[in-house]
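Report on one structure; see the data block that follows.
The values are calculated or read from the model by the stated rules, or taken from the named source; none is laboratory data. Treat the numbers as computed from the prediction; the structure is a model and nothing was measured. Don't worry about glycine lacking a Cβ; one is built from the backbone with ideal geometry, like all the others, and counts go over all protein chains shown. Just so you know, the surface numbers come from the protein's heavy atoms only, side chains and all, with ligands and any DNA or RNA stripped out. Shrake-Rupley method; radii C 1.70, N 1.55, O 1.52, S 1.80 Å.
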Amino acid sequence: MRSAKLTGTLLALVVSCSLGAQEAPAPSADCTFNAMKLRSPRETYHQLSLTTELVSPSPLTAQATATAPGRRRPSQPPKASTPPAPRNFIDAEIFGKMVKDGVQWTARSSDAEFLRRVTLDLTGEIPDGETVKAFLADPDSNKRDKTIDRLLNSPAFTDRWTMWFGDHIQNVQFAQNTSIFPEGRDAYGKYIRESIASGKPYDVMVRELISGSGSNMVNGEANYWARQIQSNGPLQDTYDNLAAFTGQKFLGLPMICLSCHGGLGHLELVNSGLAKRTRGEFWKSAAFFAQVSSIRSIYSSEALQYRVQDLTVGEYNLNTTSGNKTPRAPDPGQPATAAPAFFLTGEQPAAGEPRRAALGRMLTAHPQFARATVNYLWKEIFGAGIVEPADSFDLQRQDPASLPAGAVLQPTHPQLLNQLADSFRQNGFNLRELLRLMVSSNAYQLSSRYTPGAWNESWTPYYARHYPRRLMAEEVLDAIFRATNVGGTIFVSTGTPVTKAMQIPDPWEGGEFYSFLNNFGRGNRDDDERSSESSIVQALALMNNRVVTSRVSAAANGSVVKTLVTKPESPATIAESLYLATLSRYPTAAEKAAAVAYLNGGTLSKKTEDLQFALLNRIEFLFN
């Protein structure tokens, strides 16, 4: 625990990181809700609005709340002004909708706000103090675009998006249904990292994963199959896992419910498109995986390997009464096997075409593949998907021109979603170009602070402000390393230790930082999803854990505090340096005055330690 001297004006600099996040309503007992773990779009927007107001409060909202309290208080939007000149079609769609509906957007982000945000979003790191200082002093009108280019081509970009894709396809050594062991996890991670680093087109990656063959300890792609093996059921359970996982991750379709029953009578209130689909159609999707051999053998004294290979024979037989699914049986008069047919078109493999290769070809060529992918990435960058939940597209509610009577359009910006998907395809499914398009837009570069008037959460789907996200667990640890200039060695079960949490291969690793990372909700890439919600445990970790307290010490070799007090610098310079290193900005006049007064009030080294400790415990430090 830090010194009790953290009192008076300095304590005003410290804000608890516990946001009192509200949980989504308890799911229904029906398997539909349990399987999907759905949070409604309304709850997503409410949580975004609540968090943003706590992290970056709007000056007029408190006053409006006092006169008209309530979660959905009435509030008239300020008169819409002329939108900024669009930098790309994203701006035309986002600002165009706000102008049409009379919603006013906030001001453009400051340079400091933009730099911290884009550096975290693209690389998972905070900028170092010298980079912030140079960027703020740079008069070049193109400095934001130049920074984006630099970040997109940095090694840290590869680290951050290897982490994202590892989460997306659940690369983890041990899971409930199967184990690929550390060696398989490493091979999978190496494949992902090399693909991201080389700029491999995303559609090529997906096709390679779906058809991956060979030893999963050598050929990373083969782990896409090995990771979904259901070890305690018939082969059809594994085929179902692969079909449902593929549909969710690459088409944004929550198909798992169809593996047990048809949609009719189960999914009408959740997904009207899937409510019309049958279990038989799902079986045909799973049949793409029925002509594969996956032989398990000993790899080492502590690990087993799978050798995955395509066959020319094998069927999806409808003859099971055990395992993890309800019994499989054909309808009267129907075949006893399911023939492969692509879920969205009914297309079948060409003569002699391996089934998995056929599925990869059909899936990545379908427009829904691009739409689902850009929506997943939009959510990662903007905080909420154009379609929410991002893995639950309702294909009956996508097109305003063909929307069924009484149905509600699902995308908030349907034309934008299609334009993003078209651009992604036209640019060869290039992840860097898609992300460049997003972060270059004026829409992305809005401030998180809403200044035109009192904020109303009903405007959240318009993206009228930026919605800050809490840093991922790995980002928190790396930010502490960088802010204090005291790194760490993170041992992993295989291979060379890493020096960045963003390079940790899966959530089973972490060395001495294992518990600290878990406190910040990194999940397990299996049945516990990554969480961005805050908690009192996180606040206590930042206040008490030696991960923080030892790194703000003036005795720590190379620490920012030690460097500043050894010179020694003036209290004003110390204050500015600590704000730049920790919060990626200069202090305001009031903050600087309070900090200088505190630093002048006792032993400089101890006071400097306390000041950085206080800054590391601000809400602002935990958000982008």
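Of the residues making up the range 548-576, those that are assigned to a helix (DSSP H, G or I), under 22 Å from L477 (Cβ atoms) and open to solvent by 10 Å² or more (accessible area, probe 1.4 Å) are T549, V560, K562, T563. Scanning the range 529-547 for residues that are open to solvent by less than 50 Å² (accessible area, probe 1.4 Å) and small (G, A, S) turns up S531, S534, S535, A539, A541. Looking across the range 267-277 at every residue that is part of a loop (DSSP other than H, G, I, E, B) and among the charged types (D, E, K, R), the one that is surrounded by the fewest Cβ atoms within 10 Å (Cβ to Cβ) is identified as E268. Evaluated against (1) closer than 27 Å to N442 by Cα; (2) buried (at least 19 other Cβ atoms within 10 Å of the Cβ), P367 falls short on exactly one condition, (2). All of A581, A541 fail the test of being out of contact with any strand residue (DSSP E or B) (no Cβ under 6 Å at 6 or more places or on another chain), closer than 30 Å to A175 by Cβ and outside any loop (DSSP other than H, G, I, E, B), apart from A541. Quick check: is even one residue across the range 520-531 of a type in the set (S, T, Y) and within 26 Å of I192 (Cβ to Cβ)? Yes - at least one qualifying residue is present in the range 520-531. Among the residues examined, A443 does not qualify as in contact with a helix residue (DSSP H, G or I) (Cβ under 6 Å, 6 or more places away or on another chain), open to solvent by 10 Å² or more (accessible area, probe 1.4 Å), in contact (Cβ under 8 Å) with a residue 40 or more places away in the chain and over 28 Å from G129 (Cβ atoms).
Taking the conditions (1) among the hydroxyl-bearing types (S, T, Y); (2) farther than 26 Å from E113 by Cβ; (3) open to solvent by less than 10 Å² (accessible area, probe 1.4 Å) in turn, S605 satisfies each one other than (3). Within the range 278-294, being open to solvent by 20 Å² or more (accessible area, probe 1.4 Å) and either touching a residue at least 24 places away in the same chain (Cβ under 8 Å) or part of a helix (DSSP H, G or I) (or both) holds for R279, G280, E281, W283, K284, Q291, S294.
Can you find, within the range 247-265, the residue that is nearest to D203 (Cα to Cα) among those that are touching a Phe, Trp or Tyr at 6+ places or on another chain (Cβ under 8 Å) and at pLDDT 95 or above? Within the range 247-265, the match that is nearest to D203 (Cα to Cα) is F250.
Take G521 and tell me if it is in contact with a Ser or Thr (Cβ under 8 Å, 6 or more places away or on another chain), at positive phi and open to solvent by 10 Å² or more (accessible area, probe 1.4 Å). When the stated conditions are applied, G521 passes them. In the range 320-333, the residue that is nearest to S285 (Cα to Cα) out of those that are open to solvent by 40 Å² or more (accessible area, probe 1.4 Å) and in contact (Cβ under 8 Å) with a residue 12 or more places away in the chain is P330.
Restricted to the range 23-102, the set of helices (runs of 4 or more DSSP H) holding at least 3 residues that are at pLDDT below 60 and surrounded by 14 or more Cβ atoms within 10 Å (Cβ to Cβ) comprises 31-36.
Look through S231, S195 and report the one residue that is open to solvent by 20 Å² or more (accessible area, probe 1.4 Å), of a type in the set (S, T, N, Q) and either assigned to a loop (DSSP other than H, G, I, E, B) or modelled with pLDDT of 95 or more (or both). Walk me through how you get there before you give the answer.
Details: S195 fails: open to solvent by 20 Å² or more (accessible area, probe 1.4 Å).
S231 is the lone residue from the list that is open to solvent by 20 Å² or more (accessible area, probe 1.4 Å), of a type in the set (S, T, N, Q) and either assigned to a loop (DSSP other than H, G, I, E, B) or modelled with pLDDT of 95 or more (or both).
Being open to solvent by less than 60 Å² (accessible area, probe 1.4 Å) and in contact (Cβ under 8 Å) with a residue 12 or more places away in the chain is a description that applies to L344. Considered as a group, the residues in the range 397-418 that are touching a Ser or Thr at 6+ places or on another chain (Cβ under 8 Å) and modelled with pLDDT under 95 include one that is surrounded by the most Cβ atoms within 10 Å (Cβ to Cβ), and that residue is A407. If you scan the range 491-503, which residues turn out to be at pLDDT 95 or above and either surrounded by fewer than 16 Cβ atoms within 10 Å (Cβ to Cβ) or more than 15 Å from I480 (Cβ to Cβ) (or both)? Those that are at pLDDT 95 or above and either surrounded by fewer than 16 Cβ atoms within 10 Å (Cβ to Cβ) or more than 15 Å from I480 (Cβ to Cβ) (or both): F491, V492, P497, V498, T499, Q503. Is it the case, given these coordinates, that S259 is under 22 Å from N177 (Cβ atoms), in contact with an Asp or Glu (Cβ under 8 Å, 6 or more places away or on another chain) and open to solvent by less than 10 Å² (accessible area, probe 1.4 Å)? So S259 fits the description; yes. Residue check: is S179 within 19 Å of Q228 (Cα to Cα) and of a type in the set (S, T, Y)? It is true that S179 is within 19 Å of Q228 (Cα to Cα) and of a type in the set (S, T, Y). Considering only residues in the range 414-456 that are touching a Leu at 6+ places or on another chain (Cβ under 9 Å) and in a loop (DSSP other than H, G, I, E, B), the one that is nearest to L269 (Cα to Cα) turns out to be W455. Pairs meeting the criteria (first residue in the range 242-266 and assigned to a helix (DSSP H, G or I), second residue acidic (D, E), beta carbons under 6 Å, at least 6 apart or on different chains) are Q248/D391; S259/D240. Against the criterion of being under 28 Å from P182 (Cα atoms) and hydroxyl-bearing (S, T, Y), Y316 does not qualify.
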